[in-house]
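Below you'll find the structure, written out as structure tokens, and then a few comments.
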Amino acid sequence: MRPRIAVTLGDPRGIGPEVVARALDTPVDAEVTILGADDQVGAVRADHHIGLGTWGLGSGENLPASPGPSRMVRAGRIAGHAIERAAALAMAGEVDAIVTGPVHKHALHQAGFPWPGHTEWLAELAGGVDVAMMLASERLRVVLVTTHVALRDVPSLVTQERVLRAGRITQRALREWFGVAEPRLAVCALNPHAGEGGLFGDEEERVLRPAAKALGAVGPLPADTVFVRAMRGEFDAVLAPYHDVGMTAIKVASFGSAVNVTLGLPFPRTSPDHGTALDIAGTGRADPASMRAAIELAVQLARKAVLSPSSSPPPSS
């Protein structure tokens, strides 16, 4: 049975519609459903097209990078409704995985969708499950312990419970989705030099080391070495304490080919590792490589979901 995937085009003002179309110029071994603006979905090679409102300006050519409030709200509504519809299809078992195009968070907020990002929103749409954000490439997998929060709030949010939750979700996903029988995890330190024995902070000894031990993981290891060791093959994934340390590592290692994967959902979800790039939409300069990688990984994970339909989200403990 061919896996079934749903692909959202993202913000209709951005590069999502064009990179999806170019990524699917070469067919994939899956049944593909495209969701987006009525006048953009038809330009994409797919088995099914679901229009969710007319954008009115085609692929975004000649559209200002900073449109007025009404256009922003309209763009946010189309992008948001596509996400909700794709998640509903997955929850109903009508597709096996979803791929989400890049969205503009401010536009979503203006349109009444208050979530800080896809990860948190999809967790709610799936019934309030515990999830984790993974950035994956051929060279490196990074899972974020905290995601879209201010840096000043990170130390108080990096708790043993949160690290353990992210680690257990990661271990289960590596086994069930990625086929890693015995996952090898490393925990990235929060402070410089892993705290230097408490000189630069106590989170490593107080929080991260006990959590790593409970997971059977290595660490905490300093950020300036742990990702290099992972790329050399020592670890299957690294748990990063905050957004930018993990995102920077994956983008330096694999910019343009990395994929965002939401772990813990009852269905696989992937997305490219870039944003809407409103400034180059419609110019033909957008690189579809990351979107193609996201689609190919979704097909791969969906195939596993089809073969193992009993898979369920990991426990929250």
### Query
Any idea which of (1) touching a Leu at 6+ places or on another chain (Cβ under 8 Å); (2) assigned by TED's automatic domain parsing to the domain that holds Val103; (3) within 24 Å of Ala126 (Cβ to Cβ); (4) not hydroxyl-bearing (Ser, Thr, Tyr) is the one Ala258 doesn't satisfy?
(2)
### Task
Considering only segment 217-256, state which residues are closer than 20 Å to Val163 by Cβ and among the polar types (S, T, N, Q).
Thr225, Thr248
#### Entry: Answer residue from segment 201-221, given it is assigned to a helix (DSSP H, G or I) and charged (D, E, K, R) and is surrounded by the most Cβ atoms within 10 Å (Cβ to Cβ) among those
Glu204
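For every residue, the table says whether it meets (1) at pLDDT 90 or above; (2) surrounded by fewer than 19 Cβ atoms within 10 Å (Cβ to Cβ).
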| residue | (1), (2) |
| --- | --- |
| Pro241 | yes, no |
| Ala249 | yes, no |
| Val252 | no, yes |
| Phe255 | no, yes |
| Ala258 | no, no |
| Pro268 | yes, no |
| Gly282 | no, no |
| Ala294 | yes, no |
| Ser308 | no, yes |
#### Entry: From Ala79, Ala75, Ala92, residue being touching a strand residue (DSSP E or B) at 6+ places or on another chain (Cβ under 9 Å), among the aliphatic types (A, V, I, L, M) and either modelled with pLDDT of 95 or more or under 20 Å from Ala21 (Cβ atoms) (or both)
Ala79
### Task
Pull up segment 1-27, narrow it to residues that are of a type in the set (Val, Ile, Thr) and within 20 Å of the chain's Cα centre (by Cα), then point me to the one that is nearest to Ala302 (Cα to Cα).
Ile5
### Query
Quick one: is Gly246 in the same structural domain as Arg152 (by TED's automatic domain parsing), small (Gly, Ala, Ser) and free of Cβ contacts under 8 Å to residues at least 60 places away in the same chain?
no
### Query
Pick from segment 75-110 the residues that are among the acidic types (Asp, Glu) and in contact (Cβ under 8 Å) with a residue 60 or more places away in the chain: which of them is surrounded by the most Cβ atoms within 10 Å (Cβ to Cβ)?
Asp96
### Task
Return the residue satisfying two criteria in turn: it lies in segment 1-14 and is modelled with pLDDT of 95 or more and among the aliphatic types (A, V, I, L, M), and of such residues it is nearest to Arg77 (Cα to Cα).
Leu9
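The values are calculated or read from the model by the stated rules, or taken from the named source; none is laboratory data. A quick note: this is a predicted structure, and the numbers were derived from the prediction, not measured. Note that we place each Cβ from the backbone using ideal geometry, even for glycine, and neighbour counts take in every protein chain shown.
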